[in-house]
Amino acid sequence: MNRYIMKGGNPLVGEVQISGAKNAALGILAASIMTDENVIIENLPDVRDINVMLEAIQEIGARVERIDRHTVRINASTIHEVSVDDDYMRKIRASYYFIGALLGKYKSAEVPLPGGCNIGSRPIDQHLKGFRALGARIEIERGAVVAHAIDLVGGHIYLDVVSVGATINIMMAAALAEGQTILENAAKEPHVVDVANFLNSMGANIKGAGTDIIRIRGVRKFHGTEYSIIPDQIEAGTFMCGAAVTRGDVTVKNVIPKHLEAISAKLLEIGCEVIEGDDEVRVVGRPRQHSTNIKTLPYPGFPTDMQPQMAVTLALTSGTSMITESIFENRFKYVDELTRMGGNIKVEGNVAVIDGVKGFTGAQVVSPDLRAGAALVLAGLAAEGFTVVEGIGYIQRGYECFEEKLQKLGAVIELINSDKEVNKFRLKTG
Ligand code: EPZ
């Protein structure tokens with residue numbers, strides 16, 4: 001089974017190119033099937049979730065052509081199916097974006113219900129509320145969402161919860177509905193804006209993305225487009241925390257600094273130096289970093305997808321910090337693993353109380369989910385001795401060439417898949 005092995009102690013130093021945003025790309029790939037003309041998408045991250053999404057698009061009949069590792073041409077004129085296969089939903093939750101895309105274009109969709117996942121129950125009631133408000137009939141049959149509409153007609157929708165997925169899904173269906181849709185209490189994440197910009201590049205008429213009120217005027221059909229995905233805010237933030245955790249000096253390149261402001265602000269608060277450029281941010285860790293408090297919030301608040309990485313950073317500062325996880329109900333599962341490395345964290349409900357320690361010692365740990373897995377790698381890179389992180393399939397879902405990018409920054413880390421290789425690594429790195 002694939003795992004990462006690392007020898008901690010080296011500060012991360014250097015520059016790292018940030019890949020395209022996974023969570024923008026997933027919505028944009030789904031939306032790309034809404035036209036029968038060619039769509040070229042650039043700066044796609046080469047990660048498992050994206051590759052699964054491309055397979056699902058092919059499976060329903062669209063033509064997918066890889067132009068290079070990060071560029072794909074899609075033509076959906078040959079789609080013959082509005083029912084998405086269950087095993088895609090089991091692999092990636094974002095398959096639910098096919099509901100909004102297929103319903104918008106074909107007025108019909110059958111997509112398996114996503115399960116819960118390791119960080120919470122993650123219902124999609126707000127998505128379905130939006131589709132119904134546009135005139136779709138929604139049934140749950142045989143574990144799938146079955147959606148049909150004679151016509152989709154714009155409506156006034158107020159989301160009860162700020163939801164990235166519901167905002168993107170409803171925006172897609174409304175973009176080809178008749179008349180105007182007003183979507184209130186919308187999510188404002190950079191990837192919501194990126195999907196709106198992509199839809200507009202195909203001829204949609206969407207205004208206000210990035211604010212909490214999005215106005216969508218339906219159009220009859222979309223034309224083709226060429227589009228480049230924004231850089232990944234969370235991958236960038238993960239490497240920024242890597243500089244803080246290892247007391248290194250890392251510049252994340254090809255980023256949009258504004259998207260990173262909440263992360264930069266917290267790293268400044270704990271005593272790191274943070275220098276912003278036009279399309280890069282440099283983070284310099286300091287020997288003495290101190291505690292602070294975090295509350296995860298919808299954008300522009302501190303992102304929940306950076307919570308585990310920040311917890312590792314705070315666990316190695318002096319003083320006591322508190323993290324309140326206000327988005328998901330079960331996103332502290334990594335704390336037990338960190339305790340095995342010497343972390344001193346107590347979780348009470350959705351609050352983690354973190355007493356900083358001088359350092360971690362290496363251990364064998366298991367990644368409970370995508371972002372927690374990346375956080376445990378950061379902990380291993382800071383720890384004294386060897387750490388093995390198992391369950392890295394999660395990490396490979398959202399981080400392109402994670403170990404290679406870390407190696408280029410000076411990390412002593414390898415991807416291995418046998419106990420024999422563990423011993424070889426230990427001997428080699430002594
Ligand atoms: C997206 O998930 C991201 N995934 C998540 O990133 C991210 O953590 C999350 O947004 C919040 O930023 C993708 O974009 C593929 P939500 P999503 O709908 O859309 C509740 C990662 O690590 N809710 O904004 O599923 C929900 O339970 C992943 O890349 C409802 O109650 O998140 C949660 O408590 C992890 N009803 C809150 O809203 C609904 O219909 C926010 O969820 C929808 C959501």
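The values are calculated or read from the model by the stated rules, or taken from the named source; none is laboratory data. Quick caveat, the model's predicted, so the values are computed rather than measured. Every residue, glycine among them, receives a Cβ derived from its backbone with ideal geometry; neighbour counts consider all protein chains shown. We work out accessible area using only protein heavy atoms, side chains counted, and drop any ligands, DNA or RNA first. Shrake-Rupley method; radii C 1.70, N 1.55, O 1.52, S 1.80 Å.
At-a-glance table
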read-out	value
Enumeration of residues in region 210-231 that are within 21 Å of GLU42 (Cα to Cα) and open to solvent by 10 Å² or more (accessible area, probe 1.4 Å)	HIS223, GLY224, THR225, GLU226, TYR227, SER228, ILE230, PRO231
Condition broken by LEU376, with the remaining ones in (1) open to solvent by 40 Å² or more (accessible area, probe 1.4 Å); (2) within 16 Å of the ligand (Cβ to nearest atom) satisfied	(1)
Cβ-Cβ under 9 Å pairs, at least 6 apart or on other chains, region 151-162 side within 18 Å of ALA109 (Cα to Cα) and in contact (Cβ under 8 Å) with a residue 24 or more places away in the chain, far side within 12 Å of the ligand (Cβ to nearest atom) and open to solvent by less than 20 Å² (accessible area, probe 1.4 Å)	LEU152/PHE131
Some residue of region 118-126 being touching a residue at least 60 places away in the same chain (Cβ under 8 Å), open to solvent by 10 Å² or more (accessible area, probe 1.4 Å) and among the polar types (S, T, N, Q)	yes
Among (1) within 16 Å of the ligand (Cβ to nearest atom); (2) within 30 Å of CYS272 (Cα to Cα); (3) hydroxyl-bearing (Ser, Thr, Tyr); (4) open to solvent by 10 Å² or more (accessible area, probe 1.4 Å), the one test that THR246 misses	(1)
Selection within region 175-196 - open to solvent by 20 Å² or more (accessible area, probe 1.4 Å) and away from the ligand (no atom under 16 Å from the Cβ)	GLU178, GLY179, GLN180, ILE182
Helices (runs of 4 or more DSSP H) wholly inside region 172-281 that include at least 2 residues being under 27 Å from ASN10 (Cβ atoms)	233-245, 261-269
Single unsatisfied condition, ARG69 versus (1) charged (D, E, K, R); (2) without any contact (Cβ under 8 Å) to a residue 40 or more places away in the chain; (3) touching a strand residue (DSSP E or B) at 6+ places or on another chain (Cβ under 8 Å)	(3)
Qualifying residue in region 277-284 (condition: away from the ligand (no atom under 16 Å from the Cβ), modelled with pLDDT of 95 or more and under 17 Å from ILE354 (Cβ atoms))	no
